[in-house]
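Structure first, then comments.
The values are calculated or read from the model by the stated rules, or taken from the named source; none is laboratory data. Please read these numbers as outputs of a predicted model, since none were measured by experiment. Cβ placement follows ideal geometry from the backbone for every residue including glycine, while neighbour counts extend to all protein chains displayed.
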Amino acid sequence: MNDLLKLMDLSGKEIDHILNVADQMKYNQKHGLIHNYLQGKTLAMIFEKNSTRTRVSFETGMYQLGGHALFLSGKESQIGRGEPIEDTARVLSRYCDGIMIRTYGQEEVEELAKYADIPVINGLTDFAHPCQVLADLMTIREKMTRLAGLKLTFIGDGNNMANSLIVGGLKCGMEVAVACPEGYDPDPKVLEFAKTAGKFTLTRDPGEAAADADAVFTDVWASMGQEGEAAKRRKTFEGIYQVNEKLMALTHSGCMVQHCLPAHRGEEITAETFEKHAEEIFDEAENRLHAQKAVMTILMGEGKL
């Protein structure tokens, strides 16, 4: 593992290793154990999409590991003025020890990694959200003590979260079910992967997907860059593709609810259901920090773990 571009690039064993290191990172922090695995290292953080959790968790994580993070917004850097991604990759490779990028096209992340001589981490693209899903899997395993054999359900738009949850869940031995409207399916490459990767269901019926689930996920109906489609999407999703108490009654007793945030209460999830599962959801948000510290240490820590 030289980069983290998408979960399709990782084996189940590699995902498990990241989660084990993330557990150790969380234990260390809770017990005041300081390990400067990235002492003197610098992470360049390129943001072409706005962020709260991604920026704060990566920046905090680098600080806690003894390193330093540099924030580079698309508007303020040369990449935002049209500098080729391959030139940015080669310049940052001369200055820094790793690059995290949060952008639109997956091809931009892949191109950055192709030309960079340092590790590249995908902080989010329209195709994949690997760091979020590593935190999600970590949270499920914390609560349920395992992943293999559990059922993971996603309700909503077949977006980057759905793509990465399908791949991550199946690679970890979970059953995965996705319910989304026609025309809003996950990426064809992910559906092709899912055909032979394990037990997978794609349905238009949220109830079918939620039946006997151990963890239910959802996300906003219109992601960043889709604001112009918000009204159309609301008409398609409203009243059907929502995580609520009626839907949760179909799941296993003790079923978790997860949301990558920000949440639009009353749309993809009701306020009642969100608050009932708020502790789980904010544990999930916290685990972004620990999962990403694990990724950075594995990629940038010169084999210290």
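Some notes on this structure:
- Number of residues in region 260-275 that are in contact (Cβ under 8 Å) with a residue 24 or more places away in the chain and either within 25 Å of Lys30 (Cβ to Cβ) or surrounded by fewer than 17 Cβ atoms within 10 Å (Cβ to Cβ) (or both) equals 5.
- Among the residues making up region 11-42, those that are in contact (Cβ under 8 Å) with a residue 60 or more places away in the chain, over 13 Å from Ala291 (Cβ atoms) and under 19 Å from the mean Cα position of the chain (by Cα) are Ser11, Gly12.
- Scan of region 71-93 for residues that are farther than 21 Å from Ala291 by Cβ and not in a helix (DSSP H, G or I), ordered by number: Leu72, Ser73, Gly74, Lys75, Glu76, Ser77, Gly82, Glu83, Pro84
- Set side by side, the residues Gly40, Gly61, Gly32 differ, and just one is at pLDDT 95 or above and assigned to a loop (DSSP other than H, G, I, E, B), which is Gly40.
- Residue list for region 234-247, restricted to those being surrounded by fewer than 19 Cβ atoms within 10 Å (Cβ to Cβ) and either more than 24 Å from the chain's Cα centre (by Cα) or part of a helix (DSSP H, G or I) (or both): Arg234, Lys235, Thr236, Glu238, Gly239, Ile240, Glu245, Lys246
- Test: residue in region 272-287 that is over 25 Å from Glu142 (Cα atoms) and among the β-branched types (Val, Ile, Thr): no
- Flag if Ala294 is of a type outside the set (D, E, K, R), farther than 30 Å from Gln24 by Cα and crowded, with 18+ Cβ neighbours inside 10 Å: no
- Test: residue in region 185-200 that is more than 23 Å from Ala285 (Cα to Cα), assigned to a strand (DSSP E or B) and at pLDDT 95 or above: yes
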